[in-house]
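Engineer: Below is a structure I'd like to ask you about.
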Amino acid sequence: MDITVNILLTIATAATPLLIAAIGELVVERSGVLNLGVEGMMIMGAVGGFGAGYLTGSPWIGLLAAIALGAVFSLLFAVMTLSLATNQVATGLSLTLLGLGLSGMMGTSFVGQPGARLPNLDIPGLTAMPVIGRLLFGQDPIFYISIALTAAVMWFLFKTRTGLTLRSIGDSHTSAHALGIRVIRYRYLAVIFGGACAGLAGGHLSLVYTPQWVENMTAGRGWIALALVVFASWRPWRVLAGAYIFGAVWIGQLHAQAFGIPVPSQLLSSLPYLATIVVLVLISRNKRLTMMNTPASLGQPFVPDR
Amino acid sequence: MKKLLVALITAAAALSLTATAEAQEKLKACWVYTGPIGDFGYSYQHDQGRLDVEKALGDKVETAYLENVSEGPDADRAFERLAREGCKIIFGTSFGFMDPEVKVAKKFPDVMFEHATGYKMAENLGIYNARFYEGRYILGQIAARQSKSGVAGYIVSFPIPEVVMGINSFMLGAQSIKPDFKAKIVWINSWFDPGKEADAAKALFDQGADIIVQHTDSTAPLQVAEERGLQGFGQSSDMIKFAPKAQLTSIVDDWGPYYIGRVKAALDGTWKPGNVWLGIKDGAVKMAPYTNMPDDVKAMAEATEKKIVEGWNPFTGPIAKQDGTPWLKEGEVADDPTLLGMNFYVKGVDDKLPQ
């Protein structure tokens, strides 16, 4: 029983940063903007979170710094693509490269320093309960934020008027503009939200997952988050499911190896990616549903005629 | 997408060269790293060696480096770029740079090349390596003494000879203390991914291991050990700060003396391609202070270290292969080419070697 709980906890830790970054990107893409800079914003959040936590000694300040740095960094992307109407794919890619380089430079003095870790939740009486205690009441604070965030985004996109407006912009920015909706303003806010989420995901890496700063510590998780959004066909609950499937397959293969199941490790390591492809194929079999969910003006620059 | 990213990163890393072209009379020495210099592990230690060269030879040399260069065909461009930019001696520090370096060395016969951990040489390409397996034997002995469950968790990157040799040496060390000692082995197919390394450590601990050994480069597994109140070994650099209660010792790579010697030879014009394999006695492999263990375990570790310095090789027979067939006879010592090409496990390793 104990080992099951431990495995579930490990899966949750592995899935949380993917979930948060993907949920943020989902909102961005729902507004019709494709930001490939997730990895860059994430690593900025990681270095900012670690740095602030390390310098002040408070991981909570680190957490706020991670969110802030991700948001500020995404603003750069917003100004370029929304105000100056640059190509979103190219700008997003350069944002990733800039983030990887800049974070390495900012973090030079943090290398080799142990940092502050966000404490796990500990509610007297509840956390100590057998089995469900640690699962429900004993995880790190960002885990709870990630679940709440998913629910909030779900509610926002599909149950509020503003959410509907955001989705309509993503489907046709010209029509939305003709209706008098301030397309650029909405997109700015969406991109900044995405940046804040990516920053928070990075903060999870450097404040909870592995409390340290090392260059490139995101190790491609931003790209996995991007893939998850497509995998989930732009539906928040599917992002949640996808992140956890991804985490479960990954942790499962580690356990299979440690258990001595004689399967080639390369195959086991590629399982999460194979799983992604299989699910993508299954999902895209239903063309109508895919069309319905894909934001139609995704990735197209919008220049309002004045 | 990942490929494109990797290519772009290589390009970006190339741009970050700290090179200037004006100082002609200075010798330009250059390094290529597979990881970031901020990994606080393998690449970090090589870069410390580069800094040692700068310190020791001062204004006679100028150094430059490329970090995050992925192994394989992408590396060609990195080496070629350095050669074109006037580097006179170039150190490639990762196994996967071997073929690219051989290729580029042929194109630039006037440039001196050095490759770490590989086995291919050329007229202007020397090779160097460190006998990390010597340290791993000591780790095995300590693990066998410290472990209560009799099971160690071993996180590994890729099934190359260097790594296989490490596993074998560790197991020989452990079995010399406890013949039935077990190691659970997990391949993560990456040299550096703190998250994955942490996950692997958690999985191994969950399955009953109580000592963690790694042949990957980050401090993450030790941090997990610290959190769980268990123990483990650092890798490449002294990681005691990350795990003050968990780190038993660490194999520390010290490339400084070798690099200084080679760059000096290049300056004097006496450089020739060499084939050296440095160990504990040469100071290239160092053991971090033995901590968090009883005095008698520490004394045992120190005694083994002394024995190795005096010339004893952990791969001294009798040793059988995994399937029980004899490999080395009583007193027979494995020769270096066999070790450098090692592609089999010794007896007692509980894993199937990925091919």
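Engineer: Just the residues that are surrounded by 14 or more Cβ atoms within 10 Å (Cβ to Cβ), in a loop (DSSP other than H, G, I, E, B) and among the small types (Gly, Ala, Ser), please, taken from the range B:299-340.
Structural biologist: Across the range B:299-340, the qualifying residues are B:Gly317, B:Ala334.
Engineer: Here is a further query. Just to be sure before I move on: is A:Gly163 away from chain B (no Cβ under 14 Å) and of a type in the set (Gly, Ala, Ser) in the structure I sent?
Structural biologist: Judged against the criteria, A:Gly163 is a match.
Engineer: Name every residue in the range A:123-140 that is over 17 Å from A:Leu207 (Cβ atoms) and among the acidic types (Asp, Glu), in order of residue number.
Structural biologist: None; the set is empty.
Engineer: Looking at (1) farther than 15 Å from B:Ile260 by Cα; (2) surrounded by fewer than 23 Cβ atoms within 10 Å (Cβ to Cβ), which one does B:Glu54 not meet, given that it meets all the others?
Structural biologist: That leaves (1) as the condition not met.
Engineer: What residue, among those in the range B:173-223 that are over 24 Å from B:Ala144 (Cβ atoms) and acidic (Asp, Glu), is modelled with the highest pLDDT?
Structural biologist: Per the criteria, the residue is B:Asp199.
Engineer: Mind telling me which of the residues A:Leu8, A:Leu36 ends up being closer than 21 Å to A:Leu189 by Cα, among the aliphatic types (A, V, I, L, M) and either in contact with a Phe, Trp or Tyr (Cβ under 6 Å, 6 or more places away or on another chain) or within 12 Å of another protein chain (Cβ to nearest Cβ) (or both)?
Structural biologist: Selected residue: A:Leu36, the only one of A:Leu8, A:Leu36 that is closer than 21 Å to A:Leu189 by Cα, among the aliphatic types (A, V, I, L, M) and either in contact with a Phe, Trp or Tyr (Cβ under 6 Å, 6 or more places away or on another chain) or within 12 Å of another protein chain (Cβ to nearest Cβ) (or both).
Engineer: Can I ask one more? Counting only residues that are of a type in the set (A, V, I, L, M) and facing chain B (nearest Cβ under 7 Å), which one in the range A:206-220 is farthest from A:Gly40 (Cα to Cα)?
Structural biologist: A:Val214
Engineer: Looking at the range B:205-227 only, could you name the residues that are more than 10 Å from every other protein chain (Cβ to nearest Cβ) and within 18 Å of A:Ile7 (Cα to Cα)?
Structural biologist: Hits for the range B:205-227 are B:Asp210, B:Ile212, B:Ala225.
Engineer: Output yes when any residue across the range A:2-22 is charged (D, E, K, R) and surrounded by 24 or more Cβ atoms within 10 Å (Cβ to Cβ), and no when none is.
Structural biologist: No, there is no match, as no residue in the range A:2-22 is charged (D, E, K, R) and surrounded by 24 or more Cβ atoms within 10 Å (Cβ to Cβ).
Engineer: Let me ask you something else. Failed condition for A:Gly220, given (1) surrounded by fewer than 22 Cβ atoms within 10 Å (Cβ to Cβ); (2) farther than 30 Å from A:Gly51 by Cβ; (3) in contact with a helix residue (DSSP H, G or I) (Cβ under 7 Å, 6 or more places away or on another chain), with all others met?
Structural biologist: (2)
Engineer: Does at least one position in the range A:230-240 carry a residue that is out of contact with any Asp or Glu (no Cβ under 7 Å at 6 or more places or on another chain), within 12 Å of another protein chain (Cβ to nearest Cβ) and of a type outside the set (Gly, Ala, Ser)?
Structural biologist: yes
Engineer: Which one of these does A:Met105 not meet: (1) more than 30 Å from B:Gln45 (Cβ to Cβ); (2) hydrophobic (A, V, I, L, M, F, W, C); (3) free of Cβ contacts under 8 Å to residues at least 40 places away in the same chain?
Structural biologist: Answer for A:Met105: the failing condition is (1).
Engineer: Quick one: would you say B:Lys148 is touching an Asp or Glu at 6+ places or on another chain (Cβ under 7 Å), over 30 Å from B:Ala220 (Cβ atoms) and modelled with pLDDT under 95?
Structural biologist: Judged against the criteria, B:Lys148 is not a match.
Engineer: Now for a separate question. Suppose we filter the range B:93-108 for residues that are outside any loop (DSSP other than H, G, I, E, B) and either within 20 Å of the chain's Cα centre (by Cα) or acidic (Asp, Glu) (or both); how many remain?
Structural biologist: 7
Engineer: Within the range B:313-355, work out how many residues are within 14 Å of chain A (Cβ to nearest Cβ) and free of Cβ contacts under 8 Å to residues at least 40 places away in the same chain.
Structural biologist: Residues meeting the conditions: 2.
Engineer: Further question: In the range B:245-268, which residues are without any contact (Cβ under 8 Å) to a residue 40 or more places away in the chain and either farther than 23 Å from B:Arg136 by Cβ or within 11 Å of chain A (Cβ to nearest Cβ) (or both)?
Structural biologist: Answer for the range B:245-268, where residues must be without any contact (Cβ under 8 Å) to a residue 40 or more places away in the chain and either farther than 23 Å from B:Arg136 by Cβ or within 11 Å of chain A (Cβ to nearest Cβ) (or both): B:Gly261, B:Ala265, B:Asp268.
Engineer: Determine whether the range B:109-128 contains at least one residue that is outside the structural domain of B:Pro221 (by TED's automatic domain parsing), buried (at least 24 other Cβ atoms within 10 Å of the Cβ) and part of a helix (DSSP H, G or I).
Structural biologist: no
Conditions tested, residue by residue: (1) touching a Phe, Trp or Tyr at 6+ places or on another chain (Cβ under 9 Å); (2) within 14 Å of chain B (Cβ to nearest Cβ).
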position: A:Ala68; (1), (2): no, no
position: A:Val72; (1), (2): no, no
position: A:Phe77; (1), (2): no, no
position: A:Thr81; (1), (2): no, no
position: A:Leu84; (1), (2): no, no
position: A:Thr91; (1), (2): yes, yes
position: A:Leu95; (1), (2): yes, yes
position: A:Met105; (1), (2): no, yes
position: A:Arg117; (1), (2): no, yes
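Engineer: Limited to the range B:71-87, what total is found for residues that are surrounded by fewer than 20 Cβ atoms within 10 Å (Cβ to Cβ) and either touching a Lys or Arg at 6+ places or on another chain (Cβ under 9 Å) or under 17 Å from A:Asn216 (Cβ atoms) (or both)?
Structural biologist: Going through the range B:71-87 one residue at a time, the tally reaches 7.
Engineer: Another question about this same structure. Quick check on my filter: what residues within the range B:199-217 are out of contact with any strand residue (DSSP E or B) (no Cβ under 8 Å at 6 or more places or on another chain) and either among the basic types (Lys, Arg) or crowded, with 24+ Cβ neighbours inside 10 Å (or both)?
Structural biologist: Residues satisfying the conditions are B:Asp199, B:Lys202.
The values are calculated or read from the model by the stated rules, or taken from the named source; none is laboratory data. Predicted, not measured: the structure shown is a model, and the values here were computed from it. Please note: Cβ atoms are built from the backbone with ideal geometry, for glycine as well, and neighbour counts cover all protein chains shown.
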